[in-house]
Amino acid sequence: MHRPALTPSTILLLSIPPVLWAGNAIVGRLVRDAVPPMTLNLIRWSIALAILLPLGRAALASGSGMLRHWRRYAMLGLLGVGLYNSLQYLALQSSTPINVTLVASGIPVWMLLVGRLFYGVPVKRKQVAGAVLSVAGVLVVLCRGDVGQLMALRLVTGDLYMILATIAWSFYSWMLMQKTDVPGLRADWAAFLLAQVGYGVLWSAALSGGEWALYGVDIAWSWQLAAALLYVAIGPAILAMRCWGAGVQRAGPSIGAFFINLTPLFTALLSSAFLGEAPHLYHVLAFGLIVGGIGVSAR
């Protein structure tokens, strides 16, 4: 599958989401004791849905394709809105933002595997080399910088949740490449996103219902929590999803995946500033390997 070279505008589109997602990881960690993870995801996307309704009302018009292609949009909503974000917030209950975003840096591998196995997209050698470097960076942080622990590596619960989240995101990104939507709906970014978020909120509500049934609902409302909810609904949700969708459609999921590896770099800076979780030496090594993976793949 031929893709044009990266242009400055495409690079910008793919660089904005990592900044916003880094903030999302920080906020998710900060409010973990104020609101349960599944409920946080439901409130976040419900706010985003309310904002998108007037912007993407074309999706609700007759013949928009939102209902005719309901299986596709329901799956996009499940993978990109329901599963990925819920699993990330769940991961932040037991893992730090730096570790969560570093585990997510293994997403290039899943992108290549999903593209090859399910979409028949060939894998290039430089992509493999870049992915190997990225995986090496992830392994460094998972073993906490001790190579001797690799043979007896123990993943914390949050790391496992994040691995599942990255697999879901890989399928979501490849599904964005399928041009099976009504042309008018796909051309209208707000309507296209609204179609996904509409179904995604339903999935999120189902997951929250399970959470409420098992653990009950206990939300510690405050102005800080309200501000956090507005941020995660507007920035990491609407703006990041808009930029990611446009960037992936231009450059392809395999190239876009390597830009996700910028997220740990921004997360480390924000964690140091807001959470007092300064990165360790092994984080620096992991960052170097991840950046090396980006450089090799970009060639």
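Each reported figure results from applying straightforward, stated rules to the coordinates on display, with no laboratory input. This structure is a prediction, so every number in the text was calculated from the model and none was measured. Here the Cβ is made from the backbone with ideal geometry for all residues, glycine too, and neighbour counts use every protein chain on show.
Relative contact order (percent) for segment 8-298, with alpha-carbon contacts under 8 angstrom and 6 or more residues of separation? Result for segment 8-298 is 41 percent.
Using the rule -39500 (n - 2.57) for each DSSP H run of four or more residues, divided by the residues of the chain, the 222 nm mean residue ellipticity is -22500 deg cm²/dmol.
Between Met177 and Ala129, the simple spin-label model (points 7 angstrom out along Cα→Cβ) gives 2.1 nm. Estimated at 0.36 nm per residue, the fully extended path between Ala187 and Arg57 surpasses their Cα-Cα distance by 45.5 nm.
Extension gain, Ala206-Leu113: 0.36 nm per intervening residue step, less the Cα-Cα distance, totals 30.5 nm.
Most exposed first by the Cβ proxy, i.e. fewest other Cβ within 10 Å, how do Phe118, Phe259, Phe266 rank? If you can, show how the numbers build up before the last one.
Details: Phe118 12, Phe259 25, Phe266 19.
In increasing order of surrounding Cβ atoms, one gets Phe118, Phe266, Phe259.
When each full DSSP H helix of the chain is screened for a Cα extent of at least 30 Å along its own axis and an average Kyte-Doolittle hydropathy of at least -0.5, the helices passing are 8-30, 189-215. Put one equal scatterer on each alpha carbon of segment 8-298, apply the Debye formula with no solvent term, and list log10 I(q)/I(0) at q = 0.07, 0.09 1/Å to two decimals. Scattering profile of segment 8-298, log10 relative to I(0): -0.24, -0.41.
Kindly put Arg57, Arg186, Arg71 in sequence by how many other C-beta atoms sit within 10 Å of each C-beta, fewest to most. Could the numbers behind the result be given before it?
Numbers: Arg57 14, Arg186 17, Arg71 9.
Least crowded to most crowded, the residues run Arg71, Arg57, Arg186.
Look at Met241, Met111, Met175 and count the other Cβ atoms within 10 Å of each Cβ; fewest to most, that gives Met175, Met241, Met111. If R0 is taken as 30 Å, the Cβ-Cβ distance between Gln224 and Trp70 corresponds to a FRET efficiency of 0.20. One chain, two ends: Leu6 and Gln93. Fully extended at 0.36 nm per residue, the span grows by 27.7 nm beyond their Cα-Cα distance.
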